[in-house]
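Heads up: the structure comes next, in structure tokens.
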Amino acid sequence: MGLVLVLMALTALPAAARAEPGLPRPTPTHDPDPDAHPVSLVDLAPPVLAAFPDSVLDDNAAFDDPAPAPEPAPAPEPAQAPAPAGGPSSEPLLPPLSSPRTFRGLAFDTCMAPSLDTMRRWRASKYGAVGVYYGGRGRACPHQLRLGHRWMKGVQRLGWRVLPVYVGSQSPCVVGWAKKDHRIGRHAWSEGVREGRDAVRRAWAVGIRPGSPLYLDMEAYKYRQKKCARTTLAFVRGWDRQVRGKGYVPGFYSSADSGAAHMRAAARAGVRDLPSVIWFARWHTRPRLSREPVLWRSAWSRQRRIHQYTGNVKERHGGRSLVIDRNLVHAPVARIR
């Protein structure tokens, strides 16, 4: 279903066990040729955790995030100086979301796209959006018998919003054993470009128009390993650039303490071609968007976050049961033609 059970252990680690204080901060990166000068983030210190109050959120308060600061204007060469020691950086200079169709509320994702009848019955649930694994060689459920243009149009007519997920090649240091057969190879950037092209082609085939987000699923990995971090980031950047160049919005799904932390470190270093939307998994916690410690409130703050807060749970609505992950969303959703 996207995440393996080992994420439960990763996200449960206390902050003290994850922190590695005293690492030097890098200078901004401006490499025009990612293959010639790959970016290494092994020496990046994780962001200092903010002292947010641990307030109790009810179903309504979960959506009442503080109003974020305005997004910075886009720049032809996005770059960001490192943050001063001991304080958060400003929001990374990401490409603007040009009039996206956004959704704010609860969503579920499940390995196999349910039937349209099940989706009709589940309209009685609290969910308003569904994550679908529409492409990629790393999918746990590669044979999506129902998932096509007709299904997309059908769920849209039923009132659902769609979060398209592409599960491609995985990090060389991926944690889950089930994904080790799908690891990134030696030419990470070109592989990312090639799979980004495939992600766009498959999205178009099922009726997902340009302007839609495509979420790259990168399962939990050991991003502090130097070579692994460099390879993974090159792949993600190549994928993002290809997807963005074709008119789609590149998103990124991973665990909070691996992929999300890695992307945040890259943003602090001024790295370009990063995802426009972050979908982070932190289980066994209340659904919340603005209080994720590894991201800070100012990073990917406006209509750019999804929190997967529970996974592999069984729910029943309208007489139909599904095993799902639960998500809180304020982010772009697909435009179905």
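Here are the numbers for the structure shown:
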| item | result |
| --- | --- |
| Per residue, in Å², the accessible surface of the range 210-337 once ligands and nucleic acids are set aside, probe 1.4 Å | 26 |
| Relative contact order, percent, the range 294-337 [alpha-carbon distance under 8 Å, six or more residues apart] | 40 |
| Convex hull of Cα atoms in the range 85-238, direction-averaged projection (nm²) | 11.3 |
| Nearest-10 value in Å² for the accessible area of Glu292, using the 1.4 Å probe | 10 |
| Rounded if a/c under 1.5, otherwise prolate or oblate - the range 202-289, Cα gyration tensor axes | oblate |
| Taking all pairs of distinct alpha-carbon atoms in the range 133-209, Kirkwood radius in angstrom | 13.7 |
| Pairs of lysine residues in the range 180-337 - Cα separation under 28 Å, sequence separation of 8 or more or cross-chain | 4 |
| Spherically averaged projected area in nm², based on the convex hull that wraps the Cα atoms of the range 215-256 | 2.8 |
| Cα point-scatterer Debye curve for the range 93-163, base-10 log of I(q)/I(0) at q = 0.20, 0.26 Å⁻¹ | -0.89, -1.23 |
| Per-residue HN-Hα couplings for the range 298-305 [Karplus 6.51, -1.76, 1.60; θ = phi - 60°; Hz; x = Gly/Pro] | 8, 9, 6, 9, 9, 6, 10, 9 |
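The values are calculated or read from the model by the stated rules, or taken from the named source; none is laboratory data. Note that the coordinates shown come from a computational prediction; the quantities given were computed from them, not determined experimentally. Calculation scope for accessible area: heavy atoms of the full protein, side chains included, ligands and nucleic acids excluded. Shrake-Rupley method; radii C 1.70, N 1.55, O 1.52, S 1.80 Å.
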